[in-house]
1. Using per-residue counts of other Cβ atoms within 10 Å, averaged over each peptide, order 413-421, 75-83 from highest down.
2. Percent of Cα-Cα pairs per 10 Å bin, from 0 to the last occupied bin, for region 266-423, please list those.
3. Could I have the simple spin-label model distance between Ala101 and Arg211, label points 7 Å from Cα toward Cβ, reported in nm to one decimal?
4. Starting from the Cα of Glu366, step 7 Å along the direction of its Cβ; do the same at Asn131; then give the gap between the two resulting points in nm.
5. Give, in whole angstrom and from largest to smallest, the semi-axes √(5λ) of the equivalent ellipsoid of region 17-125, with λ running over the eigenvalues of the Cα gyration tensor.
6. So what is the diffusion coefficient of region 164-321 in µm² per second by Stokes-Einstein at 37 °C and 0.692 mPa s, using a Kirkwood Rh over Cα pairs?
7. If packing is taken as the average number of other Cβ atoms within 10 Å across a peptide's residues, how do 309-317, 348-356 rank, most packed first?
8. Among the lysines, select those whose C-alpha is under 17 Å from the C-alpha of Lys127, and discard any that sit fewer than 8 residues away in the same chain.
Amino acid sequence: MRTTLIEPPSSKTSPETPWPERFAQRTLGMTSSAIRELLKLTEKPDVISFAGGLPAPEVFPLREIEAATHRVLQEHGPAALQYSTTEGYLPLRELLVRHMARYGIRVMPENVLITSGGQQALDLVGKLFLNPGDHVVTEEPTFLGALQAWTAYQALFLPVPIDDDGIRIHRLEEALRSGPKLLYVLPNFQNPSGVTLSLDRRHEVVDLACRYGVPVIEDDPYGQLRYEGDHLPPLVQIDAEMHHCSRGESAFHGGVLYLGSLSKTLAPGFRLGWVVAPDVVVRKLVQVKQGSDLHTSTFTQMLAYEVARGGFLDAHVRTVRRVYRERRDAMLRAMEAHFPPVVRWTRPQGGIFLWATLPEGLDSAEILEEAIAEKVAFVPGASFFPREGGARTLRLNFSYSAPDVIEEGIRRLGRVLDRHVHA
Ligand SMILES: Cc1ncc(COP(=O)(O)O)c(C=O)c1O
């Protein structure tokens with residue numbers, strides 16, 4: 001048999017490897033925007049940043065985590081440091097099942113896959129379902145991390161506008177009629193807008209998705225962070241009640257995949273999230289996850305279980321709610337006092353973000369440069385629009401900064417906005 005030998009170029013004359021030419025085609029859609037470069041400046045200590053989606057560092061339960069670390073190492077030492085199953089640590093999955101049952105989601109541990117953060121769940125969903133060119137219906141605006149995850153699988157986005165009650169139903173039906181692969185919805189205190197999907201619309205979304213046969217990805221990292229109003233049933237529960245429970249089926253067969261996360265209730269550094277899905281989907285996601293990271297860190301899963309069991313996490317979430325409610329109120333009060341009246345904004349019932357809309361003709365990306373010069377930062381809203389638009393919108397985070405810092409930051413931003421509104 002003849003083989004063709006390729007001579008290696010001599011090291012003296014060899015040009016530098018042209019790495020970018022070697023990148024796979026699917027990476028070409030991944031860009032890092034000028035905004036991201038600008039936002040790096042916000043990491044300076046004297047800048048008040050409302051840009052990130054960071055929890056308040058003061059609320060991290062350091063002492064409980066330290067004590068739990070000792071217990072995990074003493075009681076499970078070698079197992080905690082060993083490889084483990086891809087599905088996740090069973091006691092943690094069982095705990096999550098009990099936790100979700102209190103919020104109306106009734107599933108078995110077999111329906112739960114632990115992931116390395118909710119972000120990995122989004123990536124695994126993309127890897128499992130999306131072929132190049134598949135369409136995903138999203139809210140507009142929507143979570144940037146989902147756009148990033150699914151752009152890597154060469155998905156195309158069909159954005160549907162939202163209003164104060166969430167995704168607009170007529171526009172949703174139009175989008176679903178075109179035969180998309182998935183529908184992605186954030187029903188509670190949406191990132192970036194802070195808007196909550198109303199109860200009526202929850203029913204309509206589930207009904208339409210079922211009618212058009214489109215699986216729903218329900219992303220709910222903020223559901224527990226409600227500061228006022230009543231808990232609303234998750235789509236996964238409405239779906240189960242509408243289509244399955246009436247037929248007396250006990251297993252979970254729904255058309256909704258539910259994504260949860262411990263990032264905002266415990267600590268994002270743990271990188272713990274989970275997917276709720278029918279068994280057949282979990283089994284396939286397990287194969288997909290094996291190619292990514294084998295399993296989520298055994299140690300942090302055991303640690304999270306140790307911290308959460310016995311009711312500590314519930315008590316901790318009550319503290320988080322109290323602290324964030326105060327911060328939300330501080331931001332709303334400061335905006336009322338310092339923003340020009342022509343600027344409009346949402347009043348979220350929970351979560352960690354609110355969303356402002358500037359008058360026609362203004363561009364929040366241009367304003368950001370000036371804001372950073374005044375040592376305050378936000379994320380321009382266009383980043384959350386899957387295609388285009390959103391130039392006069394912006395996202396503000398209220399969980400990270402203390403109330404007095406929020407007041408000062410909004411005062412600075414108000415000054416910048418005043419200059420533009422009156423220009
Ligand atoms: C809507 C939404 N989904 C998912 C995530 C991912 O969170 P994590 O990977 O920390 O669980 C975030 C984080 O901000 C988010 O806002």
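1. Top of the packing list down: 413-421, 75-83.
2. Whole-percent P(r) values from 0 Å outward: 9, 29, 24, 21, 14, 2.
3. Modelled inter-label distance: 3.5 nm.
4. Rounded to a tenth, the inter-label distance reads 4.5 nm.
5. Numbers: eigenvalues 238, 115, 67 Å².
Each semi-axis is the square root of five times an eigenvalue, giving 34, 24, 18 Å.
6. 190
7. 348-356, 309-317
8. Correct list for Lys127: Lys181, Lys284, Lys289.
Every number in this text was worked out from the coordinates using simple rules, so none of it is lab data. None of these values were measured; they are calculated from a predicted model. When we count neighbours, we look across all protein chains shown, and the Cβ atoms used for this are built from the backbone with ideal geometry, even at glycine.
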